[in-house]
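The values are calculated or read from the model by the stated rules, or taken from the named source; none is laboratory data. Keep in mind that what you see is a predicted model, and the values were worked out from it rather than measured. All Cβ positions, even for glycine, are placed from backbone atoms using ideal geometry, and neighbour counts span all protein chains on display.
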Amino acid sequence: MPPQLNPPSTPGKLKTDKYYPSYSHRLRPHRITLFSTLLLALIVVFFYLSYSPSSSSSLLPRRSLIWGGPKWESRVRSSAKLRTGGRFTVLVTGAAGFVGTHVSLALRRRGDGVIGIDNFNDYYDTKLKRDRKHLLEKSGIFVIEGDINNKELLEKLFDVVPFTHVMHLAAQAGVRYAMKNPASYVHSNIAGFVNLLEVCKSANPQPAIVWASSSSVYGLNSKVPFSEKDRTDRPASLYAATKKAGEEIAHTYNHIYGLSLTGLRFFTVYGPWGRPDMAYFFFTKDILSGKQIKIFEGLNHSSVARDFTYIDDIVQGCLGALDTAKKSTGSGGKKRGPAQLRVFNLGNTSPVPVTRLVSILEKLLKVKANKKMMPIPRNGDVMFTHANISSAQREFRYKPTTDLETGLKKFVQWYLKYYPSSSRRSSW
Ligand SMILES: NC(=O)c1ccc[n+]([C@@H]2O[C@H](COP(=O)([O-])OP(=O)(O)OC[C@H]3O[C@@H](n4cnc5c(N)ncnc54)[C@H](O)[C@@H]3O)[C@@H](O)[C@H]2O)c1
């Protein structure tokens, strides 16, 4: 987890000279010597760190410094090698994440070369991320432990492998956590995205980039279903604001450097190997342990609803977007012509009330939930989401096929296998 960025203290407020003129004057030469020594020491440390070929951003955990060298490069090349039927060499960011793992496996299954990168931050259980990494490694996918803010690492990767595509899924996700740790959203979703685009624009050849935006960009939009043409200038959370900023940043890099960019607005993705911070996941955990679950509702007990989208459908959409992405037109940081810029909703088109989600889970787990209805807090959550997917349907025949009950059944099967001690005797 990157540390919080502390704002610098206001300079010039402590005017010691004014209050202690003679004392300060007498000590000044010593102070200057001490200050210069400290400054010199800091400069030496700084240059030492930046000289190291595998150095990285100061915001990174120490472990991510380990990369580079012939053995590492040969692992990278072998993971990026095309197998039978493969066409693309894809760098997947956030590969140890929920969606990243599924997309990486799907690419590998069809023979594409895949390299993953993930910083394994502890926003949620890192064991789950490590187990996903293990799963990927069993399929021959190398997941590099590194941060997308690490320019040298990304440049090195592009030196070793001429990636045709980047599937950019690394991000600080979660709506409510943005109030606790806003800096992490700026670090990953803005600074990290810009750093990645900087490296992509200078690469030769430039890759085509498909990246995850979010349905949260629709914010306070009340027109349903949400269409890509609707307003997205009223985000209800910092998370949403950083995703919206990402869409604008994508426009800039497309316009100036000719990068081919496709943004995908995912709608509440769920499934096996999912994210423990999401309601379907922690409801399952809490129902099994007998803990009370809080279900949000709107004014006059109106339902909160989500367009829950099963992971396999999202993966199908990601591959469709990659397959129809046109090449970037620039090279060596220069635009050579107009390039493709797209944005698509990837949802299920059938919103389901959260109360219905809970009753499906109760049935599948054979345990009655201890429920408490609560008014929806004003911390970023919206009342409902509902995707219009006709653009994605037209462009790459995106067609979700999994209803919530079928998808949750697969999730619960995985959950009970992954957390065997969580099973509980039926109270149904
Ligand atoms: N799951 C959903 O319902 C949903 C909905 C809308 C949008 N999205 C977006 O889809 C993408 C994937 O989401 P997910 O559900 O798999 O989330 P996730 O948190 O499981 O995956 C993101 C991964 O990115 C990694 N990461 C974060 N910051 C990084 C950085 N600076 N450098 C390198 N790695 C970093 C994390 O360690 C994590 O493994 C994200 O961009 C998310 O915002 C997800």
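A few points about this structure:
- Annotation note: Cβ proximity below 7 Å between a residue of the range 202-223 that is closer than 19 Å to residue 309 by Cα and among the polar types (S, T, N, Q) and a residue that is part of a loop (DSSP other than H, G, I, E, B) and within 9 Å of the ligand (Cβ to nearest atom) (sequence gap 6+ or interchain) occurs for 215/267.
- Test: residue in the range 133-150 that is within 24 Å of residue 324 (Cα to Cα) and part of a loop (DSSP other than H, G, I, E, B): yes
- Selection within the range 68-120 - aromatic (Phe, Trp, Tyr) and either assigned to a loop (DSSP other than H, G, I, E, B) or surrounded by fewer than 22 Cβ atoms within 10 Å (Cβ to Cβ) (or both): 72, 88, 120
- When residue 141 is tested against the conditions (1) more than 9 Å from the ligand (Cβ to nearest atom); (2) in contact with a His (Cβ under 8 Å, 6 or more places away or on another chain), the lone failure is (2).
- Contact map, the range 234-246: first residue more than 12 Å from the ligand (Cβ to nearest atom) and assigned to a loop (DSSP other than H, G, I, E, B), second residue among the aliphatic types (A, V, I, L, M) and modelled with pLDDT under 95, Cβ cut-off under 9 Å, separation 6 or more or different chains; pairs are 234/220; 235/220; 236/175; 236/220; 236/382.
- Of all residues in the range 109-131 being near the ligand (Cβ under 8 Å from one of its atoms) and not β-branched (Val, Ile, Thr), the one that is nearest to residue 97 (Cα to Cα): 129
- Among residues of the range 271-294 being within 12 Å of the ligand (Cβ to nearest atom), of a type outside the set (A, V, I, L, M) and not in a helix (DSSP H, G or I), the one that is surrounded by the most Cβ atoms within 10 Å (Cβ to Cβ) is 271.
- Options 354, 412, 382: the member that is within 30 Å of residue 179 (Cβ to Cβ) and at pLDDT 95 or above: 354
- Of all residues in the range 383-397, exactly one satisfies the criterion of being part of a loop (DSSP other than H, G, I, E, B), at negative phi and in contact with a helix residue (DSSP H, G or I) (Cβ under 7 Å, 6 or more places away or on another chain), namely 385.
- Some residue of the range 146-167 being surrounded by fewer than 24 Cβ atoms within 10 Å (Cβ to Cβ), free of Cβ contacts under 8 Å to residues at least 60 places away in the same chain and of a type in the set (S, T, N, Q): no
- Set side by side, the residues 406, 401 differ, and just one is in contact (Cβ under 8 Å) with a residue 60 or more places away in the chain, in a helix (DSSP H, G or I), among the hydroxyl-bearing types (Ser, Thr, Tyr) and farther than 30 Å from residue 179 by Cβ, which is 406.
- Taking the criterion of being in contact with a Leu (Cβ under 9 Å, 6 or more places away or on another chain) and within 14 Å of the ligand (Cβ to nearest atom), the residues of the range 248-270 that qualify are 249, 250, 262, 263, 264, 265, 266, 267, 269, 270.
- Cβ-Cβ under 9 Å pairs, at least 6 apart or on other chains, the range 178-192 side under 18 Å from residue 216 (Cα atoms) and aliphatic (A, V, I, L, M), far side more than 8 Å from the ligand (Cβ to nearest atom) and part of a loop (DSSP other than H, G, I, E, B): 178/237; 178/379; 178/380; 179/237; 179/379; 179/380; 186/5
- Qualifying positions in the range 157-181 - over 15 Å from residue 207 (Cβ atoms) and more than 14 Å from the ligand (Cβ to nearest atom): 179, 180
- Residues that are surrounded by 13 or more Cβ atoms within 10 Å (Cβ to Cβ) and in a strand (DSSP E or B), drawn from the range 371-382: 371
- Some residue of the range 333-345 being in a helix (DSSP H, G or I) and more than 16 Å from the ligand (Cβ to nearest atom): no
- Any hit, the range 300-313, residues being modelled with pLDDT under 95, surrounded by fewer than 17 Cβ atoms within 10 Å (Cβ to Cβ) and in contact with a strand residue (DSSP E or B) (Cβ under 6 Å, 6 or more places away or on another chain): yes
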